[in-house]
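Undergrad: Take this structure first; my questions come after.
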Amino acid sequence: MKWAVIIVFLFALREVNAQGKGVWTQKADFGGSNRKGAVGFSIGSKGYIGTGCEDSILCKDFWEYDTLLNSWTQKADFGGTPRTKAVGFSIGTKGYIGTGGDSTVACVTKDFWEWDQTTNTWTRKADFGGLPRLLAIGFSVRSKGYIGTGMDSSGFSKDFWEYDSKSNTWSRKADLPGVSRYAAAGFSIGTKGYIGTGLCLASPYYLRDFWEWDQISNTWKIFVLPKTTNQNSIYL
């Protein structure tokens, strides 16, 4: 009996571990052309992908993924210029895309656009509060949107900005305490925002530090990650 209990326990533990790893299932291919540097966000049960670059051709098409039907539907093209390496996030039933690189003389942008899921229309909003840039991060926390880091005309950035969707205004928040960077990753959980990884100017260039931002206190806290054998990363 004792061994039977142990075997059952080990089998259950194996099942829990397997479930904990998650399972990937391939879904319908993206409805647009092959590309890189696109943006994505979700609203309710729908997912959205738009802009980006196909080879040397900049894109402005915008697509909706229906999780129930496993199908893509093209929506109204992005309201700004075709671009790549922009930022996208959602607040409520509205989606937002801004910054990125286009084919203008300056190449980097700061215009900011709102997409209404109900009417399928784009409206230009107040320009991003910082310098024009590309390869920034973006996420939303409750009714506010956030853009930070990236590559602007002065180099790599660490500034962090809040967008108030109700007043259509930008305000600068506490800078990311880590080194200036671009091509980082950002997301939110509850009232906290997170930024980590990316590229910087100093060798060894590739970053793996990970930071938490508290919306209530406007303060950053670092999470120290364990070292690995990867010598191309910076450890803090």
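Undergrad: Please work out which one of (1) modelled with pLDDT under 95; (2) surrounded by 14 or more Cβ atoms within 10 Å (Cβ to Cβ) is the condition residue 84 fails and give its number.
TA: (1)
Undergrad: If residue 149 satisfies all but one of (1) at positive phi; (2) out of contact with any Asp or Glu (no Cβ under 9 Å at 6 or more places or on another chain), what's the number of the condition it fails?
TA: (2) is the only condition that residue 149 fails.
Undergrad: In addition: Quick one: in the stretch 124-137, which of the residues that are out of contact with any Lys or Arg (no Cβ under 6 Å at 6 or more places or on another chain) and within 25 Å of residue 105 (Cβ to Cβ) is surrounded by the fewest Cβ atoms within 10 Å (Cβ to Cβ)?
TA: First pass over the stretch 124-137, keeping only residues out of contact with any Lys or Arg (no Cβ under 6 Å at 6 or more places or on another chain): 124-126, 129-131, 133, 136-137.
Now narrow it down to the ones that are within 25 Å of residue 105 (Cβ to Cβ): 124-126, 129-131, 133, 136.
Working: 124: 12, 125: 20, 126: 15, 129: 16, 130: 20, 131: 15, 133: 29, 136: 29.
Taking the candidates together, the pick is 124.
Undergrad: Which one is modelled with the lowest pLDDT among residues in the stretch 96-128 that are more than 18 Å from the chain's Cα centre (by Cα) and of a type in the set (Gly, Ala, Ser)?
TA: My answer is 106.
Undergrad: Follow-up. For the subset of the stretch 95-124 comprising residues that are assigned to a loop (DSSP other than H, G, I, E, B) and of a type in the set (Val, Ile, Thr), which member is nearest to residue 65 (Cα to Cα)?
TA: Filtering the stretch 95-124 for residues assigned to a loop (DSSP other than H, G, I, E, B) gives 99-100, 102-107, 110-111, 117-120.
So of that shortlist, the ones also of a type in the set (Val, Ile, Thr) come out as 99, 104-105, 118-119.
Details: 99: 23, 104: 30, 105: 34, 118: 15, 119: 17 Å.
Checking each candidate, the answer is 118.
The values are calculated or read from the model by the stated rules, or taken from the named source; none is laboratory data. Because the structure is predicted, anything quoted here is derived from the model rather than measured. When we count neighbours, we look across all protein chains shown, and the Cβ atoms used for this are built from the backbone with ideal geometry, even at glycine.
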